[in-house]
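These notes are about the structure you will find just below.
The values are calculated or read from the model by the stated rules, or taken from the named source; none is laboratory data. Every value quoted in this text rests on a predicted model; they were computed, and no experiment measured them. Note that each Cβ is placed from the backbone with ideal geometry, even for glycine, and that neighbours are counted across all protein chains shown. The protein model used for the area step is the full one, side chains on, heavy atoms only, and it has no ligands, DNA or RNA in it. Shrake-Rupley method; radii C 1.70, N 1.55, O 1.52, S 1.80 Å.
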Amino acid sequence: MSCSSVKHRFETEKQKGLSFLRAMELYQEVEGSVAAHKMEIGELQHTNADPEQIRHLQEHITDGEKLLQEIKSLHLH
Ligand SMILES: [Zn+2]
């Protein structure tokens, strides 16, 4: 599952109104992919990986963490 598709789903579902449970599910999904990307970066740093590939993963992590912050600051109406 790519990070941008989770973000897209979050944006779409937020328009319709997210339930607490759904927000929590999306949160866990993003948290999982951020953790996976951090591991991938860790592994890549042990090899002669393409710096571009690492930079790309870093971007996913940054975006993912932003999304986590956004979900954390959601207000229930
Ligand atoms: Zn990603």
Measuring with a 1.4 Å probe in the full set of protein chains, what accessible area per residue, in whole Å², belongs to the chain?
72 Å²
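Over the chain, what relative contact order in percent results from Cα pairs under 8 Å that are six or more residues apart?
In percent, rounded to a whole number, it is 42.
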Given charges at beta-carbon only (K, R positive; D, E negative), |dipole| of the chain in Debye:
380 debye
Report the per residue volume, in Å³, of the convex hull enclosing the C-alpha atoms of the chain.
73 Å³
Share of carbon and sulfur in the accessible heavy-atom surface of the chain [1.4 Å probe, %]:
56 percent
Among the DSSP H helices of the chain, those whose Cα atoms extend at least 15 Å along the helix axis and whose mean Kyte-Doolittle hydropathy is -0.5 or higher are 20-44
